[in-house]
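Asks: I am attaching a structure below and will ask some questions about it afterwards.
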Amino acid sequence: MTGRVVVIGMGNPFRRDDGVGPAVIEAVRTQVPADTVLTVSDGEPVRILDLWHRHDQVVVVEAVHAHPGQPGRLLTLRADQAERAAVGSASTHALGLGETFALAAALDRMPHALVVHAVEGADFTLGVGLSPAVRTALPELTRRVADSIRKAHRTLGRAGGDTADGGPHKPP
């Protein structure tokens, strides 16, 4: 397989809890193999589809708003689960992740493997800083994302790579 590991932190740091995706990208930057593609996206579906290739292992980090909500609750979903979950939740973006993945599937643009790590947010108003519930969940969310990245590298046969800070990669 010739794919890459692509990690997309979705969100807008100027919409409080919506900034959790970019925050996780910064937090994992020195914890993962250096050849990991780390990027931030505003959630626009076409730009998301342009970030990955069919052979890639993709990890998405996102804040969601569920009804009823439980701010700070962590969710881990595969693409097919995220499509179904879109019925009971909403993204702060024009289309939610479920709709984006359905579009990718219809266009035959789904990556080889995809996992979504999400946290239920409490505050999506204008401003900076995460709500207390999301800030409390951030270390565990970051750990889960880093674990998924390492697992994706192992799947691609790259478990022995160096981390971004130059040190040896340490498997979980």
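The values are calculated or read from the model by the stated rules, or taken from the named source; none is laboratory data. These numbers were taken from a predicted model, which means no experiment stands behind them. Counting neighbours? That spans all protein chains shown, and the Cβs are built from the backbone with ideal geometry, glycine included. To get the accessible areas, we keep the full protein, side chains included, count just its heavy atoms, and leave off ligands, DNA and RNA. Shrake-Rupley method; radii C 1.70, N 1.55, O 1.52, S 1.80 Å.
Asks: How much of the accessible area of the stretch 13-58, in percent, comes from carbon and sulfur atoms when a 1.4 Å probe is used? Display every interim value, and only then the final one.
Replies: Working: 1120 of 2040 Å².
Its accessible area is 55 percent carbon and sulfur atoms.
Asks: Separate question: Give, as a single signed number, the net charge of other residues whose beta carbon lies under 13 Å from the beta carbon of Val128, with Lys and Arg counted +1 and Asp and Glu -1.
Replies: Combined, the nearby Lys, Arg, Asp and Glu give 0.
Asks: Skipping prolines and chain starts, which residues have an amide H placed within reach, meaning under 5 Å, of the one on Arg4, given they are 5 or more residues away or on another chain?
Replies: Asp56, Gln57
Asks: What does the net charge come to around Arg15 if you take all other residues with beta carbon closer than 12 Å to its beta carbon, with K and R at +1 and D and E at -1?
Replies: Details: positive: Arg16; negative: Asp17, Asp18, Asp42, Asp123.
So the surrounding residues net to -3.
Asks: Please work out whether the stretch 26-74 counts as rounded, prolate or oblate from its C-alpha gyration tensor, where a ≥ b ≥ c are the square roots of the eigenvalues and a/c under 1.5 means rounded, while otherwise a/b larger than b/c means prolate and anything else oblate?
Replies: In terms of gyration-tensor shape, oblate.
Asks: Semi-axes, largest first, in whole Å: what does sqrt of 5 times each Cα gyration tensor eigenvalue give for the stretch 100-160?
Replies: Over the Cα atoms of the stretch 100-160, the semi-axes work out to 28, 20, 7 Å.
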